[in-house]
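Just below is one structure, and these are the notes that go with it.
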Amino acid sequence: MASLSSASVSLVRTPTHLPCFRSNHGKVQSLNRYSKTKTTHLSINSSLRMCSIAASDSPLSTSMYELSSKKVWIWTENSQVMTAAVERGWDTFIFSSLNQGLANEWSKIALIDPLFIKEREIFDNAGERVATIFQVSTPSELKKLHPEAHHVENVVIDLLDWQVIPAENIVAEFQGSKTTVFAVSKSPAEAQLFLEALEHGLGGVVLKVEVVKAVLDLKEYFNRRNEVHNRLSLTKATITQVHAVGMGDRVCVDLCSLMRPGEGLLVGSFARGLFLVHSECLESSYIASRPFRVNAGPVHAYVATPGGKTSYLSELKAGKEVIVVDQTGKMRTAIVGRVKIETRPFILVEAKIDANDQTVYSILLQTAETVALVCPHEGNRTQKTVIPVTSLKAGDEVLLRLQGGARHTGIEIKEFIVEN
């Protein structure tokens, strides 16, 4: 266990206050510049939340991003990593028993809660044990891990060989237990693997890094997952014009997730207004259902991606993420598995928010019965979910996502812009 006890470890959490740094006179100064940013605030035993659609909303099973708590601990001796963590609201740190000096030094810089590793245990400043550390390198060592064997709130696992299968075994073994299990991760990608094992994931991760970027990337990962807890505001728009325009290069987006009726991607010719284009999950007399696919539009169109950004459909490729949205604005992230670009005939669809609105929103879609736009959700009233573009006509109502029109590399910016 020497490899764990001989180096300092940083456990981080999001506090219930703004991150604080100490001035040269020892007075605590709050970082007010962060008060304008979205920050998740937590107590010492609370954690970042990774949220998504509820289990009952999932087409297959419980979502990997339930409203379950995910704790993040960071293992480092780098003061810049410490600063980055504190600035993002994570301010509980663990040090080796030989690193009391570093703990004291950091406590003078920032308002932190120091914890200490002694042999295979982690203790708080009052000497109370808060976690036990286990190093696993063989299947037999893994089998020794079970909830009844440990009378502590937290268990830290350092997997020296395989990661995915042991993580899944641990998730299965400790499900329903009050013990929170952490895995040591050497990168944000490894941390994501542990947090998503068997959909539910482990209770937390210990990010063992010495570079600031790893902290920033992990925080961005949590931010992306957190945004699915929100609902997008969708607006009812009225179709004003539908007509054929000829041939073009059409993009089909095949996801690594299945979509259910009412779900699709937000796509449009202009970033200022994105239409909710339905998936091919509905049954047809002429073609089999493809609930993983959205026939999204031409190569130039914008598609909504996590973080309030957009991409051109032509930029999508395997591994990239998009957001899937339903009639009520509930959203989740999905990974692109494949993109198909083929030459097909197009229909131009234009819409307005109301008759007096001078702003026109448009999208081009393939002329096909399986391509459809999602209709507004009218409470509990029974009505059609989608309208195929081959049946679309002036006066029909569809859903639109309104947002800023000016974009730079997919990021919304404030500037004057005219698009027609």
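Given 0.36 nm per residue, what is the gain on full extension from Ser177 to Ser284 after removing their alpha carbon distance, in nm?
Answer, rounded to one decimal: 33.9 nm.
How large is Rg/Rh for segment 235-412, to two decimals, with Cα atoms and a Kirkwood Rh?
On the Cα set of segment 235-412, Rg over Rh gives 0.93.
Give the lysines reachable from Lys330 as a straight Cα distance under 18 Å; neighbours fewer than 8 places away on the same chain don't count.
Lys236, Lys309
Ranked from the most accessible area to the least, with a 1.4 Å probe and all protein chains present, what is the order of Thr310, Thr390? List each step's numbers first, then the result.
Details: Thr310 10, Thr390 65 Å².
These residues rank, largest area first, as Thr390, Thr310.
With the calculation restricted to Cα positions, what are the radius of gyration and Dmax of segment 286-336 in angstrom?
Answer for segment 286-336, Rg first and Dmax second: 11.8, 38 Å.
Return the tail of the calculated pair distribution for segment 62-146, meaning the percent of Cα-Cα pairs more than 18 Å apart. Walk me through the intermediate numbers first.
On the way: 1946 of 3570 pairs.
Counting pairs separated by more than 18 Å, the tail of P(r) holds 55 percent.
Per residue of segment 345-361, in order, report the coupling 6.51 cos²θ - 1.76 cosθ + 1.60 (Karplus, θ = phi - 60°) as ³J(HN,Hα) in whole Hz, putting x for Gly and Pro.
These are the phi-based 3J(HN,Hα) values: x, 10, 10, 8, 10, 10, 8, 9, 6, 8, 4, 8, 6, 8, 7, 9, 10 Hz.
Return the long-range amide H neighbours of Leu202 (sequence gap of 5 or more, or a different chain), with a cut-off of under 5 Å between placed amide H atoms.
Here Leu195, Glu196, Ala197 satisfy the definition.
From Cα pairs below 8 angstrom and at least 6 apart in sequence, can you work out the relative contact order of segment 235-412, rounded to a whole percent? Don't jump to the answer; show the numbers that get you there.
Working: 489 pairs, mean separation 59.9, N = 178.
Relative contact order of segment 235-412: 34 percent.
Lysines near Lys71 by alpha-carbon distance under 23 Å, same-chain residues fewer than 8 away left out - which ones?
Lys38, Lys118, Lys178, Lys186, Lys208, Lys213, Lys219
Can you give the FRET efficiency to the nearest 0.05 for Asn104 and Asn356, using r as the Cβ-Cβ distance and R₀ = 45 Å? Could the numbers behind the result be given before it?
Numbers: r = 67 Å, r/R0 = 1.49.
Calculated value: 0.10.
At 0.36 nm per residue, minus the direct Cα-Cα distance, what do Val211 and Asn78 gain on full extension? Give it in nm, one decimal, please.
Values: separation 133, 0.36 × 133 = 47.88 nm, distance 0.76 nm.
Gain on stretching Val211 to Asn78: 47.1 nm.
So how exposed is Val360, as accessible area in Å² (1.4 Å probe, rounded to 10)?
50 Å²
At R0 = 56 Å, how high is the FRET efficiency between Arg338 and Lys143 if r is their beta carbon distance? Nearest 0.05 is fine. Numbers along the way, then the final one.
Values: r = 39 Å, r/R0 = 0.70.
Using R0 = 56 Å, I get an efficiency of 0.90.
Leaving ligands, DNA and RNA out of it, report the carbon-plus-sulfur percent of the accessible area of segment 169-321 at a 1.4 Å probe. Intermediate values should be presented prior to the final figure.
Numbers: 3270 of 6230 Å².
Carbon-and-sulfur percentage of accessible area, whole number: 53.
In nanometres, what is the gap between the two model label sites at Tyr312 and Asp161, each 7 Å from Cα along Cα-to-Cβ?
4.9 nm
Provide, for q = 0.21, 0.28 Å⁻¹, the log10 of I(q)/I(0) from a solvent-free Debye sum over equal Cα point scatterers in segment 335-395.
-1.02, -1.21
Percent antiparallel among DSSP beta bridges with both residues in segment 160-309, to the nearest 5? Intermediate results must be reported in sequence, preceding the final value.
Values: 14 of 18 bridges.
Percent antiparallel among DSSP bridges in segment 160-309 is about 80.
Could you list, bin by bin from short to long, the percent of Cα-Cα pairs of segment 71-228 in 10 Å steps?
Final binned percentages: 10, 39, 36, 14, 0.
Figure the gain on full extension for Glu397 and Val299 (residue separation times 0.36 nm, minus the Cα-Cα span) and round it to one decimal in nm.
On the way: separation 98, 0.36 × 98 = 35.28 nm, distance 2.51 nm.
Taking Glu397 through Val299 to full extension adds about 32.8 nm, to one decimal.
Given the whole protein assembly as supplied and a 1.4 Å probe, what does the accessible area of Met247 come to in Å², nearest 10?
We get 130 Å² for Met247.
The values are calculated or read from the model by the stated rules, or taken from the named source; none is laboratory data. Since we're looking at a predicted model, the values are computed, not measured. Reconstructed Cβ throughout: ideal geometry from the backbone, glycine too, with neighbour counts over all protein chains shown. Areas reflect the complete protein model, heavy atoms only, side chains present, ligands, DNA and RNA absent. Shrake-Rupley method; radii C 1.70, N 1.55, O 1.52, S 1.80 Å.
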